[in-house]
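Undergrad: Got a structure here, written out as structure tokens. Questions coming.
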Amino acid sequence: MIDLLESWIDEINEAHKSDRHPCSVLQHQFGSYYRPELLRSSYFVVVNALPMPKMPELREAGLGDFIDNEDHFGGITYKDTYYLLPEAAKDVGIHFHELVHVIQWRTLGARNFIQRYMEEIRRFGYSEKAPLEGMAYRLQKRFEEGVLPFDVEKKVVATL
């Protein structure tokens with residue numbers, strides 16, 4: 001199932017390649033938090049509906065609530081690219097959150113990220129109790145509260 005999901009993700013990212021924006025456009029907001037190289041090699045796409053895998057295997061694995069819950073979050077990250085609904089694209093905090101997931105993907109690798117994320121969502125639901133989501137929400141909150149800039153990538157890698 002992980003191979004099937006990763007193939008689907010690669011197809012989605014390829015299909016939206018021409019619509020991607022490099023996160024370097026956010027450099028002035030994130031320069032002290034994210035390395036320029038990370039921002040240049042990470043992307044976002046604004047979409048009217050989040051691309052969600054509607055695979056029967058995911059439902060059978062207990063993830064039906066997650067894949068049907070697309071209206072309750074503004075973005076989703078697949079490898080180096082995250083997808084945002086138009087209203088979420090205006091929220092710099094959501095960009096910050098999704099960039100944390102980009103780092104998680106890179107650090108864990110696709111297979112490990114997918115496996116871990118699915119297990120956490122099955123166990124905790126889509127909430128801050130799920131460790132990967134919790135990490136992204138906590139770091140987003142620190143950013144939004146105006147905490148002095150810190151190296152997000154270093155923090156994420158050390159925590160994983």
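Undergrad: Considering only residues that are open to solvent by 90 Å² or more (accessible area, probe 1.4 Å) and farther than 16 Å from Thr77 by Cα, look in the range 110-124 and name the one that is modelled with the highest pLDDT.
TA: Arg123
Undergrad: Among the residues of the range 95-109 satisfying the criterion of being in contact (Cβ under 8 Å) with a residue 12 or more places away in the chain and out of contact with any helix residue (DSSP H, G or I) (no Cβ under 7 Å at 6 or more places or on another chain), which is surrounded by the fewest Cβ atoms within 10 Å (Cβ to Cβ)?
TA: Arg106
Undergrad: Within the range 31-46, track down each residue that is modelled with pLDDT under 95 and open to solvent by less than 50 Å² (accessible area, probe 1.4 Å).
TA: Gly31
Undergrad: Does any residue in the range 134-160 that is under 14 Å from Glu98 (Cα atoms) come within less than 7 Å, Cβ to Cβ, of a residue that is of a type in the set (S, T, N, Q) six or more places away or on a different chain, and which pairs are these?
TA: Hits for this filter: Met135/Thr159; Val156/Gln104; Val156/Thr107.
Undergrad: Just to be sure before I move on: is Ile103 at pLDDT below 95, of a type in the set (Val, Ile, Thr) and out of contact with any strand residue (DSSP E or B) (no Cβ under 7 Å at 6 or more places or on another chain) in the structure I sent?
TA: So Ile103 does not fit the description; no.
Undergrad: Of Ala15, Ala49, which residue is aliphatic (A, V, I, L, M), more than 20 Å from Asp91 (Cα to Cα) and open to solvent by 20 Å² or more (accessible area, probe 1.4 Å)?
TA: One residue alone meets the criteria, Ala15.
The values are calculated or read from the model by the stated rules, or taken from the named source; none is laboratory data. Bear in mind the structure is a predicted one, so any value in this text is a computation, not a measurement. Here Cβ is always computed from backbone atoms with ideal geometry, including for glycine, and neighbour counts include all displayed protein chains. What goes into the accessible areas is simple: the full protein's heavy atoms, side chains included, and nothing from ligands, DNA or RNA. Shrake-Rupley method; radii C 1.70, N 1.55, O 1.52, S 1.80 Å.
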